[in-house]
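Heads up, the thing below is written out as structure tokens.
The values are calculated or read from the model by the stated rules, or taken from the named source; none is laboratory data. These numbers were taken from a predicted model, which means no experiment stands behind them. A quick note on method: Cβ atoms are made from the backbone with ideal geometry, for glycine too, and the neighbour counts reach across all protein chains shown. Each accessible area value is taken on the protein alone, full model and side chains, heavy atoms only, with ligands, DNA and RNA left out. Shrake-Rupley method; radii C 1.70, N 1.55, O 1.52, S 1.80 Å.
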Amino acid sequence: MDAAPAGAGDGSFGPSSVLLAGGGSAGHVSPLLAVADALRRRDPDVNVTALGTETGLEARLIPARGYELRFVPRVPLPRRPDPALLRLPGALRGAVAAARTAIDQTGAEVVVGFGGYVSTPAYLAARQRRIPIVVHEQNARAGLANRVGARMTPFVATTFRGTVLPHATVLGMPLRREVSQLDRAARRQEGMAAFGLDPQWPTLLVTGGSLGAQRLNTSFAARAAELSAAGLQVLHVSGTGKEFEPERPEVGAPYVVVPYADRMELAYAAADLVVCRSGANTVCELTAVGLPAVYVPLPIGNGEQRFNAAGVLAVGGGLLVDDASFTPEWITENVVPLAADGERLRSMGEAAASVGQRDADEALAEMIYRAYAARSSVRASSAGRPGDPR
């Protein structure tokens, strides 16, 4: 993994303006924010602007972090022929024009894409403006936007080994410092207090990501009283609009339901075990902080979630169960005894930490600096082959 070169923090040879494109779910927004913070640490005067949609999670999280957010229309790329494909050229032209305007108005000298709906127009606009492109792919299986972007640039970073993209270098997942530098033991009491939990009980964190997971919600709701009576405290992040009132016995451990956790690091600090989807950002955060987990991959999409968890499963840092198999009965038979086995949880946590990476934010910031330093050769190649970066 590349380390920041001496002098990188003084901003003397870095870009003065960077446009970061990504959004939709926390899986795209979180690494974007981590890289924005890394760029600001290197050069407090750098202009960092994000490109997103008005409907994604970025519309709230990015301004709250103190960064400017520009909008482009949401243009999904159809995976198969359908009526939306006929509307694609016109819609994409509008999105590219909006991205081009953002580049021009911010004076962006590098465009960085994290996949999702906004990255394709950002890549195309950057190519038209002949400025360097950097691609970061979060998932083990690359999405369509980044497969397009990776053909336009030699500066391509992936999270997982085995991800197939042209020019790819494995850097890991950029994580917010609140997570990557988390001392769980030191912050445990703070985490308990933040969510109204009781430190006397072992704590299970249930989360379906920023959008929630219906399978996890319904299965755990059916076992809330049993878990409480068994002395297993639960912090359940249900997803906004998917909250429920858990059934509770008169005596037992707390079962706390929240729609969303803005400070996920405190939820990790409170937790002893996690049940979750295996989105790339979730897997990388849990391994970075050394938390054992039961992963329930999302059963739709291109199957990337199962592959995202392969590395941590291989070393024994987690378990995987198919979505259809994750029933209330499975919770009773597997989650309850696992949560009570402190020695096994410690062993799994150590194994998870052995594959965790904590410095990908700095590594990707360094790649951005290298792309900027190569801008002269990138511009000179603008008359080259269609596949050349420009």
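A few notes on this one:
- All of (1) outside any loop (DSSP other than H, G, I, E, B); (2) farther than 27 Å from Pro337 by Cβ; (3) among the acidic types (Asp, Glu) hold for Glu285 with one exception: (2).
- Within the stretch 192-205, at least one residue is without any contact (Cβ under 8 Å) to a residue 12 or more places away in the chain and over 22 Å from Ser238 (Cα atoms).
- Single condition Gln189 does not satisfy, out of (1) of a type outside the set (Ser, Thr, Tyr); (2) touching a helix residue (DSSP H, G or I) at 6+ places or on another chain (Cβ under 8 Å); (3) over 22 Å from Tyr369 (Cα atoms); (4) modelled with pLDDT of 95 or more: (2)
- Residue in the stretch 297-310 that is outside any helix (DSSP H, G or I) and buried (at least 24 other Cβ atoms within 10 Å of the Cβ) present: yes
- Count of the stretch 79-120 residues which are open to solvent by 20 Å² or more (accessible area, probe 1.4 Å), at pLDDT below 95 and part of a helix (DSSP H, G or I): 12
- Among the residues of the stretch 226-245, some residue qualifies, meaning at least one is without any contact (Cβ under 8 Å) to a residue 40 or more places away in the chain, out of contact with any helix residue (DSSP H, G or I) (no Cβ under 9 Å at 6 or more places or on another chain) and not in a loop (DSSP other than H, G, I, E, B).
- Failed item in (1) among the small types (Gly, Ala, Ser); (2) open to solvent by 10 Å² or more (accessible area, probe 1.4 Å); (3) over 17 Å from the mean Cα position of the chain (by Cα), with Ala150 passing the rest: (2)
- Number of residues in the stretch 358-390 that are assigned to a loop (DSSP other than H, G, I, E, B) and modelled with pLDDT of 95 or more: the value is 2.
- Residue in the stretch 324-335 that is open to solvent by less than 10 Å² (accessible area, probe 1.4 Å), closer than 22 Å to Asp359 by Cα and touching a helix residue (DSSP H, G or I) at 6+ places or on another chain (Cβ under 6 Å) present: no
- Residue list for the stretch 121-136, filter: open to solvent by 10 Å² or more (accessible area, probe 1.4 Å) and assigned to a strand (DSSP E or B): none
- Among residues of the stretch 188-244 being open to solvent by 40 Å² or more (accessible area, probe 1.4 Å) and among the polar types (S, T, N, Q), the one that is farthest from Thr327 (Cα to Cα) is Gln189.
- Unmet criterion (only one of (1) under 16 Å from Leu204 (Cβ atoms); (2) among the charged types (D, E, K, R); (3) open to solvent by 40 Å² or more (accessible area, probe 1.4 Å)) for Arg277: (3)
- Selection within the stretch 27-78: residues that are of a type in the set (D, E, K, R), outside any helix (DSSP H, G or I) and open to solvent by 30 Å² or more (accessible area, probe 1.4 Å). The member of this set that is nearest to Ala126 (Cα to Cα) is Arg70.
- Only one of Ala230, Ala270, Ala280 that is at pLDDT 95 or above and over 20 Å from Gly191 (Cα atoms): Ala230
- Pair list, Cβ under 6 Å, 6 or more apart: the stretch 323-335 residue within 13 Å of Thr218 (Cβ to Cβ) and assigned to a helix (DSSP H, G or I), other residue among the β-branched types (Val, Ile, Thr) and at pLDDT 95 or above: Asp323/Val296
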